[in-house]
1. Straight-line reach only, C-alpha to C-alpha below 17 angstrom: list the aspartates and glutamates that B:LYS109 could link to, leaving out same-chain residues fewer than 8 apart.
2. Using amide H atoms built in the peptide plane, which far-off residues or other-chain residues are under 5 Å from A:HIS48 H to H?
3. Can you quote the Å³ per residue value for the convex hull of the Cα atoms in region B:128-231, rounded to an integer?
4. What does the charge add up to near B:MET59, with Lys and Arg as +1, Asp and Glu as -1, over the other residues with Cβ less than 13 Å from its Cβ?
5. Under 5 Å between amide H atoms, partner at least 5 residues away or on a different chain: which partners does A:SER55 have, H built in plane at 1.01 Å?
6. Just tell me how shielded A:124-134 is by partners: mean number of partner chain Cβ atoms within 10 Å of each residue's Cβ, no decimals.
7. Between A:VAL169 and A:LEU35, what is the label-to-label distance in nm when each label sits 7 Å out along the Cα-to-Cβ direction?
8. Taking a ≥ b ≥ c as the square roots of the eigenvalues of the Cα gyration tensor of region B:47-113, is the shape rounded (a/c under 1.5), prolate (a/b larger than b/c) or oblate?
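Read the figures in this text as sums done on the coordinates, not as results from a lab. Quantities reported herein were computed from a predicted structural model and do not represent experimental measurements. Positions of Cβ are generated from backbone atoms using ideal geometry, with glycine treated the same way; all protein chains shown enter the neighbour counts.
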Protein chains: 2
Amino acid sequence: MSTPHSPNQNHLLAALPPAEFERVAPHLELVPMLLGETLYEPGGQLRHVYFPTTSIVSMLYIIESGLSAEIAGVGNEGMLGIALFMGGDTTPSSAVVQTAGHGYRLSGKLLKEEFNRGGLMQRMLLRYTQALVTQMCQTAVCNRHHAIEQQLSRWLLQTLDRLPSNELVMTQDLIASALGVRREGITEAAGNLQRAGLISYRRGHISVLKRSGLEAHACECYAVVRKELSRLLFDVQYRQDTAATRVTATHAW
Amino acid sequence: MSTPHSPNQNHLLAALPPAEFERVAPHLELVPMLLGETLYEPGGQLRHVYFPTTSIVSMLYIIESGLSAEIAGVGNEGMLGIALFMGGDTTPSSAVVQTAGHGYRLSGKLLKEEFNRGGLMQRMLLRYTQALVTQMCQTAVCNRHHAIEQQLSRWLLQTLDRLPSNELVMTQDLIASALGVRREGITEAAGNLQRAGLISYRRGHISVLKRSGLEAHACECYAVVRKELSRLLFDVQYRQDTAATRVTATHAW
DNA sequence: GGCACTATGTGTGTTTGCGCACAGACGCAA
DNA sequence: TTGCGTCTGTGCGCAAACACACATAGTGCC
């Protein structure tokens, strides 16, 4: 990537008030996040939190039979490692990089200290956590009641929201294991979407052609989650430097 | 009920250190919670938080088609109204009384004040929230991968853990809408469990005969959630009065 | 006791998604 | 170019859960 990296590419970091940002900034560590890399193992001690910028990470549960399901995705709108400030220090979920890119890493110790100051950072992290909880709940309901094709549409839209272009690098196999369904199920659903002219793909590359059509195809879950995220993070206080303004302005929140 | 009521019947309240308990105790209001009563409407402003003692409340999502799914249950181990201290003030979920009983109500304003002091109350509420999140995630995975019969077993066990006896007052219809499946599906699954000698029931009353058998029948989700709750709330500081000791001692945490 | 209401049992047919098997097709690398 | 590995398309049969319909059996109420 030739694009210069900046913590402001992550919405949460960009939203921190100056004093709080200055305190953590020197400790933010830019790290590449490779496709398939495991950030957290279930039950493992969380040493760092991650603020994705150009990467996307799946939080997923893996059950005894080996099957898995994504319970939430995290991109530049959020962070990973919530269990740290929630006090649990670990979670039963895994975190796996779903789209390669970069992110900023911060030591868990520092984050906790900052959280415990009880300032805007705390307020923001808690509100983000609530948005994440909404996403998890909606996923639970979606798993129960919606068809694969609707879920695929939702998932594509959610992924798209975290990327700069309308193309995602993603095999059907990966999508299937994220949604917790068979690969063939995705082949069929994606085939329908392609025939409807909404997407097009070739071997690991999916392009979204008609976003609006995809929205119409998706279940309500997409809109609910997006709206709730927007509501919860809209009124957090934004830093007044140009970078933050630029980043946040690119989104319709 | 002839049993005397006490805030200590709720594990979270019982775990508060004396100073914090004394501050909120005068404002705790004992309220009856009637079967089917709606505590929170989706999107509605949360005025109070609830600490169930003998009642059980379902947090559920209702989708456009009218179908619903429980995403978590809350009994005397927890509380309702998390969105208040998370900063959202409202959630897209409903909260409906699933087993009639009592609980203590506290004004949202007071709870927020106490939370913002940053003391043990905050620590405890956040840890409980993480346990609740675990429950929600596990529900999401369970919805995806486990059969109705396993889910029913899990649900019965979770409900049982929140009740003093081994009998639950519950129609198949209610269970079905909690699990988000058809009533006939529950009839069939419950029939199997009954034939296996694990439960017995008659018109709205289910008795668990062999708890261990039910545990063997249930999916892993039950154990994961229970273990995580235990881990997260084990080391919270308990008040040293007899009531708290009694209440906490009745559970194998 | 009789009645109405509601809970439960059961049957049939349909749909969705799964499991497995395999064929083709694309893309990278030698 | 050739070849191999991986990704994608497709065609079965099968099982789980759904939708709908209706029969039967408790329970409470008058």
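1. Of all the aspartates and glutamates, those that pass the test against B:LYS109 - Cα under 17 Å, at least 8 places apart if same chain - are B:GLU20, B:GLU22, B:GLU29, B:ASP89.
2. Here A:GLY108 satisfy the definition.
3. Hull volume normalised by residue count: 96 Å³.
4. Details: positive: none; negative: B:GLU41, B:GLU70.
Net charge around B:MET59: -2.
5. Here A:HIS102 satisfy the definition.
6. Taking the mean over all residues of the peptide, I get 5.
7. 0.6
8. Working: a/c = 2.57, a/b = 1.22, b/c = 2.10.
Since a/c reaches 1.5 but b/c is at least a/b, the shape of region B:47-113 is classed as oblate.
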